[in-house]
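The structure appears below as structure tokens.
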Amino acid sequence: MHTKRIFSAFAFTMLTIMLLLVVASRSSEAAAADRQGGVDVSLGAVSPPPTAQGVLPGGKPETEDKTADKPDIDRTSWEFILAGPDNNIGTYAPYVVPIEGTAQYFDERAVGALVEFLNAARSAGYSPYIQTAYRSYSSQNYIYNGRASQIAWPDYPTAEDYAEAALTVAEPGTSDHQTGLGVDITDKYYNSLDASRMDQTFLQWLRENCAEYGFVLRYPAGKEAITGRSEPYHFRYVGVDAAQYMMEHNLCLEQFLSLYK
Ligand SMILES: [Zn+2]
């Protein structure tokens with residue numbers, strides 16, 4: 001009886017000691033896990049949080065950086081109408097008025113800006129001459145068909161002849177002149193559209209000053225792959241804000257408008 005009680009006390013003591021050892025080892029594991037967790041947290045603080053990725057130190061997201069300062073324009077407004085091989089404007093016909101001192105017409109809403117631009121060129125000592133401004137759908141159609149007939153002569157023009165004509169004459173509905181906002185400006189004394197024979201300092205003056213009056217080069221050199229042509233004398237009204245942005249960033253109209261899609 002006495003021996004049994006001693007054994008029970010011994011067993012109880014051993015059990016208690018084992019229990020304490022288990023508890024102690026568990027809590028040391030937990031402490032180690034906490035330390036591990038602490039390391040993770042500090043690493044997390046060193047690398048940027050996921051939401052901050054793609055943001056420049058200035059706070060501007062990288063993807064928007066190039067166009068963040070683009071002017072606030074209404075892409076659907078009349079001065080941004082786009083005519084080109086991929087943008088046929090059909091029989092679009094703006095209300096046009098005569099450009100004073102010429103036999104040419106321009107969109108009534110932009111003719112004032114054009115006259116100011118021309119007057120500024122005169123003040124700078126140049127003699128601007130309007131070669132072509134507005135050209136209606138039917139005029140363009142007439143010129144285009146005439147070119148195809150000329151190529152096919154003496155036969156009737158085929159689809160191939162029309163395709164060849166389109167290389168030099170814009171198809172009806174695709175000419176910037178039909179918008180009533182495009183104008184070919186030459187020098188009175190170099191009355192030709194051969195740019196190589198034009199006064200280069202005059203062309204340069206037009207390029208450098210057009211934006212102040214709301215105009216841009218519609219077919220700048222180096223953008224032929226996008227616009228389909230190069231015409232250093234063809235200017236286009238888009239309004240002052242858009243013009244200054246486009247000339248500053250070397251954008252053609254197609255590129256500028258694509259920023260607002
Ligand atoms: Zn032109």
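The values are calculated or read from the model by the stated rules, or taken from the named source; none is laboratory data. Only a predicted model underlies this, so the values are computations on that prediction, with no experimental measurement involved. We place every Cβ from the backbone using ideal geometry, glycine too, and count neighbours over all the protein chains shown.
Okay, residues lined up against (1) within 16 Å of the ligand (Cβ to nearest atom); (2) surrounded by fewer than 23 Cβ atoms within 10 Å (Cβ to Cβ); (3) touching a residue at least 12 places away in the same chain (Cβ under 8 Å); (4) outside any loop (DSSP other than H, G, I, E, B):
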residue: GLU208; (1), (2), (3), (4): no, yes, no, yes
residue: LEU217; (1), (2), (3), (4): yes, no, yes, yes
residue: ALA221; (1), (2), (3), (4): yes, yes, no, no
residue: LEU251; (1), (2), (3), (4): no, yes, no, no
Would you please name the residue that is surrounded by the most Cβ atoms within 10 Å (Cβ to Cβ), looking only at residues in the stretch 117-127 that are over 27 Å from the mean Cα position of the chain (by Cα) and closer than 16 Å to VAL216 by Cα? LEU118
Subset of the stretch 147-192 that is at pLDDT 95 or above, in contact with a Lys or Arg (Cβ under 8 Å, 6 or more places away or on another chain) and part of a loop (DSSP other than H, G, I, E, B) - its residue that is nearest to the ligand (Cβ to nearest atom): SER175
Scanning the stretch 85-106 for residues that are at pLDDT below 95 and of a type in the set (Gly, Ala, Ser), the one farthest from GLN140 (Cα to Cα) turns out to be GLY101
Would you mind stating whether THR102 is touching a strand residue (DSSP E or B) at 6+ places or on another chain (Cβ under 7 Å) and hydroxyl-bearing (Ser, Thr, Tyr)? yes
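Take the residues of the stretch 88-136 that are in a helix (DSSP H, G or I) and touching a helix residue (DSSP H, G or I) at 6+ places or on another chain (Cβ under 6 Å): which is farthest from the ligand (Cβ to nearest atom)?
Start the filter on the stretch 88-136 by keeping residues that are in a helix (DSSP H, G or I), which leaves 111-123.
Still in the list and also touching a helix residue (DSSP H, G or I) at 6+ places or on another chain (Cβ under 6 Å): 113, 116-117.
Values: ALA113: 17, GLU116: 20, PHE117: 15 Å.
Going through the qualifying residues, I end up with GLU116.
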Here the residues within the stretch 227-242 that are more than 14 Å from the ligand (Cβ to nearest atom) and at pLDDT below 95 are none
State all residues of the stretch 129-145 that are buried (at least 20 other Cβ atoms within 10 Å of the Cβ), in contact with a strand residue (DSSP E or B) (Cβ under 7 Å, 6 or more places away or on another chain) and not hydroxyl-bearing (Ser, Thr, Tyr); if no residue qualifies, say none. ALA133
Just checking, which of ALA121, ALA113 is assigned by TED's automatic domain parsing to the domain that holds GLY228 and in contact with a Gly (Cβ under 6 Å, 6 or more places away or on another chain)? ALA113
